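The values are calculated or read from the model by the stated rules, or taken from the named source; none is laboratory data. Given the structure is predicted, the values throughout are model-derived calculations rather than measurements. Methodologically, a virtual Cβ is constructed for each residue, glycine included, from the backbone with ideal geometry; neighbour enumeration extends over all protein chains shown.
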Amino acid sequence: MAELDPVIHAPKRLRIMSILAATDGVEFSFLQERLDLAAPDLSKQMSTIEKAGYLKVDKTGRGPGSTTWYKLTRKGRAAYENHVAALRDLIEVNPV
Amino acid sequence: MNEEASLSEIEREQLEIYLGTEQETPRWTLPLLGLIAWATIASIDLENPWVTIAMIVVAGATFGATMALQQKRAGFSPRIAALPEPLRRRANSFLIVGTAVIVLVVVATVAISDSPYRFTIAGGAAFLVIVIGGTWFQHDYRERAEMMARELGIERG
């Protein structure tokens, strides 16, 4: 049985991971707009995910025109898929 | 957090990426790609392989730069495997059928033409296929995405 991942299980990070899993990379402001989060909060969440080795960060440019792109690593994608499988297992074990 | 609610929320989140955003492609994209295809195919008439190789490199770079620009404007890089059905099936079919049609049109034009500029003519035919076929696909894709968004109650921004 798959296990829930504590890094991904937090609601904000689960939403972030679901967006990352559905794309081949996203820009910081796109995530911020979609999730309606303050920049420091989003940075903190991204940092937690990055520390787990689930993210590849690509920064381009400097100053106001700079952009930061995030992409799931292979480890991150596997962790996300495993987490979703764990959620499905829990639903099957405890149907509403 | 309720597991079922979590799953529904992430599924909707993923759908909203593709159905909730209007991804406008600049009008010059298809003519530019068609022009590059025409120039690459037409270069064969010059009977200098280095010119054709250079054109293939230019075509690849232009295609890559166009995609990169598109992604920069959208703020994300789409993942075809994650596109909601039937959009994924349509995108895959378009890529496969579109490539096959271009190859067929070019081969047929070269085969039936006895003009010394037959590759230039074939390139022109490829240009038309890219512009007309691409416009049709964009229109069809947008309509389908709008319909799905309406059915699922997703607001398009």
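Is at least one residue of the range B:67-83 of a type outside the set (A, V, I, L, M, F, W, C) and more than 28 Å from residue A:30 (Cβ to Cβ)? Checking the range B:67-83: not a single residue is of a type outside the set (A, V, I, L, M, F, W, C) and more than 28 Å from residue A:30 (Cβ to Cβ).
Please verify whether residue B:108 is without any contact (Cβ under 8 Å) to a residue 24 or more places away in the chain, surrounded by 16 or more Cβ atoms within 10 Å (Cβ to Cβ), touching a helix residue (DSSP H, G or I) at 6+ places or on another chain (Cβ under 9 Å) and of a type in the set (A, V, I, L, M, F, W, C), treating the condition exactly as stated. When the stated conditions are applied, residue B:108 does not pass them. Taking the criterion of being in contact with a helix residue (DSSP H, G or I) (Cβ under 9 Å, 6 or more places away or on another chain) and among the charged types (D, E, K, R), the residues of the range B:20-52 that qualify are B:22, B:24, B:45. One residue stands out among those in the range B:1-36 that are small (Gly, Ala, Ser) and buried (at least 19 other Cβ atoms within 10 Å of the Cβ): the one that is nearest to the chain's Cα centre (by Cα), which is B:34.
Taking the range B:75-92 as the search range and keeping residues that are touching a residue at least 12 places away in the same chain (Cβ under 8 Å) and at the interface with chain A (Cβ under 7 Å from one of its Cβ atoms), which one is nearest to residue B:14 (Cα to Cα)?
So in the range B:75-92, the residues touching a residue at least 12 places away in the same chain (Cβ under 8 Å) come out as B:76, B:78, B:80, B:82-84, B:86-87, B:90-92.
Then keep just the ones that are at the interface with chain A (Cβ under 7 Å from one of its Cβ atoms); that gives B:76, B:78, B:82.
On the way: B:76: 12, B:78: 11, B:82: 8 Å.
Once the filter is applied, the top-ranked residue is B:82.
Screening the candidates B:133, B:64, B:153, B:98 for the property of being surrounded by fewer than 11 Cβ atoms within 10 Å (Cβ to Cβ), under 16 Å from the mean Cα position of the chain (by Cα) and not aliphatic (A, V, I, L, M) yields one hit, B:64.
Listed here are the residues, each with its yes/no results for (1) out of contact with any His (no Cβ under 9 Å at 6 or more places or on another chain); (2) modelled with pLDDT of 85 or more; (3) β-branched (Val, Ile, Thr).
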position: B:7; (1), (2), (3): yes, no, no
position: B:28; (1), (2), (3): yes, yes, no
position: B:32; (1), (2), (3): yes, yes, no
position: B:44; (1), (2), (3): yes, yes, yes
position: B:54; (1), (2), (3): yes, yes, no
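Looking at the range B:9-32, is at least one residue among the small types (Gly, Ala, Ser), over 30 Å from residue A:72 (Cα atoms) and either outside any helix (DSSP H, G or I) or more than 14 Å from chain A (Cβ to nearest Cβ) (or both)?
Scanning the range B:9-32 turns up no residue that is among the small types (Gly, Ala, Ser), over 30 Å from residue A:72 (Cα atoms) and either outside any helix (DSSP H, G or I) or more than 14 Å from chain A (Cβ to nearest Cβ) (or both).
Of (1) within 14 Å of another protein chain (Cβ to nearest Cβ); (2) surrounded by 15 or more Cβ atoms within 10 Å (Cβ to Cβ), residue B:39 satisfies all except one. Which? Every listed condition holds for residue B:39 apart from (1).
Considering only the range B:64-80, state which residues are in contact with a helix residue (DSSP H, G or I) (Cβ under 7 Å, 6 or more places away or on another chain) and either assigned to a helix (DSSP H, G or I) or more than 17 Å from residue B:24 (Cα to Cα) (or both). Those that are in contact with a helix residue (DSSP H, G or I) (Cβ under 7 Å, 6 or more places away or on another chain) and either assigned to a helix (DSSP H, G or I) or more than 17 Å from residue B:24 (Cα to Cα) (or both): B:66, B:80.
Taking chain A and the strands (runs of 3 or more DSSP E) fully enclosed by it, the elements with 3 or more residues that are in contact (Cβ under 8 Å) with a residue 12 or more places away in the chain and either within 14 Å of chain B (Cβ to nearest Cβ) or under 21 Å from residue B:12 (Cα atoms) (or both) are at A:23-27, A:67-72.
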